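The values are calculated or read from the model by the stated rules, or taken from the named source; none is laboratory data. Everything numeric here is computed off the predicted structure, so don't read it as measured data. Cβ sites come from the backbone with ideal geometry, for glycine too, and all protein chains shown count toward neighbours.
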């Protein structure tokens, strides 16, 4: 059985007759008939019934066609890609990322990158750090973003982001009016924690243990996004990735600095020995630019939160004469 015979069979099934199939393939009608006979001989059953000079597919032919279509679909995708590259110079960029940076941060990068103007098709896959490692190792993506909670063995890697976590809560939370949150206070309020195996939680608990504090979370969850959603819903207070928390500020989430270091990391990983395409290098530059912008926006949100608390404290203490200066400081902030 040859690929050409399968192609002829598909053409007959699609066109409905040997003459039309011959026209599609630009071969003679006898050549089509010979290919069908060879395929039937190899298969050991009939593919078509000859009814009044017409070919009627058998049930076996219909069943075979399903698999043939799936087989040729891959070729059609390749042909489409070749035509696109020849006609438009369209490039492709594939990225795998952990959720903390893949659901808010990277979409902002993609918007600023302007893939349409650059004629670059982007594949963004959001998954666990373990899956990112697998994708990069297999060469299925140009690069990945993962946390440092698992080994980087077998990959080239470099630090991309290292930022302290922020305390997150709803505006109704009793701590929302404070300029910052003390770690010792986390045991006195419903706490939303990342999963026990999370590297940031492990670092946090190591420091809390040194202070004689044991976390007793009300809820555990693997993602900072879920921590922020729960906090915004008024379930409790949590410590979240600052880039993730930034996505929730406009929805009313209150973010506060915390007096203990709960570091979140993001590591760029690459397949060894595989040079980056120019599109990937340009995208990485855009990522670093966006990280700087996000850092400024986060600093502004934290400053605004602290300043608002100062204004509240002044209003609730009218006997103090510092009110005018506090208001001025608020405007300057």
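When residues in the range 3-30 are screened for being within 15 Å of residue 69 (Cβ to Cβ) and without any contact (Cβ under 8 Å) to a residue 12 or more places away in the chain, 3 of them pass.
When 318, 324 are screened for being at pLDDT below 55, in a helix (DSSP H, G or I) and at negative phi, only 324 passes.
Which residues, counting only those in the range 35-60, are farther than 22 Å from residue 71 by Cα and either modelled with pLDDT of 85 or more or surrounded by 12 or more Cβ atoms within 10 Å (Cβ to Cβ) (or both)?
Matches in the range 35-60: 49, 55, 56.
In the set 259, 247, 299, only one residue is within 21 Å of the chain's Cα centre (by Cα) and either surrounded by fewer than 21 Cβ atoms within 10 Å (Cβ to Cβ) or farther than 25 Å from residue 149 by Cβ (or both); that residue is 247.
Inspect the range 136-145 for any residue being modelled with pLDDT of 95 or more and either touching a helix residue (DSSP H, G or I) at 6+ places or on another chain (Cβ under 6 Å) or surrounded by fewer than 18 Cβ atoms within 10 Å (Cβ to Cβ) (or both) and give the result as yes or no. Yes, there is a match, as at least one residue in the range 136-145 is modelled with pLDDT of 95 or more and either touching a helix residue (DSSP H, G or I) at 6+ places or on another chain (Cβ under 6 Å) or surrounded by fewer than 18 Cβ atoms within 10 Å (Cβ to Cβ) (or both).
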